[in-house]
Amino acid sequence: MTFQTFLLDADNRVVLVGNTIHNQEVRHMYLRVLKNEKSSRPSSATVKTTVSLSMTKVDFGKYTYGEKREQEIVLYNTGHHGVDT
């Protein structure tokens, strides 16, 4: 679960989740979305589910360099598994 990244759209909806460091396919998908290439955006036929987050903001305040701060954020499956036909 190290280096998991969440890419959100303008409405704070999760577009992609994955490890862009260790998974080159996920990295390429992120880059296509960031470059606004239409072929990379999921269509309604490819969306598998939707999620909500236990919190949408984290404020770590001020801390010194090297000091470790952590926050657990829970993802909830709020959609349907699979594609509606």
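Condition check ((1) at pLDDT 80 or above; (2) open to solvent by 100 Å² or more (accessible area, probe 1.4 Å); (3) part of a helix (DSSP H, G or I)) across all residues:
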residue	(1), (2), (3)
Thr2	no, no, no
Arg32	yes, no, yes
Ala45	no, no, no
Tyr65	yes, yes, no
Ile73	yes, no, no
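Looking only at residues in segment 50-59 that are open to solvent by less than 80 Å² (accessible area, probe 1.4 Å) and either assigned to a loop (DSSP other than H, G, I, E, B) or among the basic types (Lys, Arg) (or both), which one is farthest from Val17 (Cα to Cα)? First the steps, then the outcome.
To start, the set of residues in segment 50-59 that are open to solvent by less than 80 Å² (accessible area, probe 1.4 Å) comprises 50-55, 58.
Among the residues that remain, those that are also either assigned to a loop (DSSP other than H, G, I, E, B) or among the basic types (Lys, Arg) (or both) are: 50, 54-55, 58.
On the way: Thr50: 12, Ser54: 16, Met55: 16, Val58: 18 Å.
Looking at the filtered set, the residue picked out is Val58.
Is there a residue in segment 36-43 that is assigned to a loop (DSSP other than H, G, I, E, B), at pLDDT below 85 and of a type in the set (D, E, K, R)? Outline the logic, then answer.
To start, the set of residues in segment 36-43 that are assigned to a loop (DSSP other than H, G, I, E, B) comprises 36-37, 41-43.
Narrowing further to those that are at pLDDT below 85: 36-37, 41-43.
Then drop every residue that is not of a type in the set (D, E, K, R), which leaves 37, 41.
Yes, segment 36-43 has at least one match.
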(message) Among the numbered criteria (1) open to solvent by 80 Å² or more (accessible area, probe 1.4 Å); (2) in a loop (DSSP other than H, G, I, E, B); (3) modelled with pLDDT under 80, which one does Phe6 miss?
(response) (2)
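The values are calculated or read from the model by the stated rules, or taken from the named source; none is laboratory data. What you see is a predicted model; the values in this text were computed from it and never measured. Heads up: the accessible areas ignore ligands, DNA and RNA and are worked out on the full protein's heavy atoms, side chains in. Shrake-Rupley method; radii C 1.70, N 1.55, O 1.52, S 1.80 Å.
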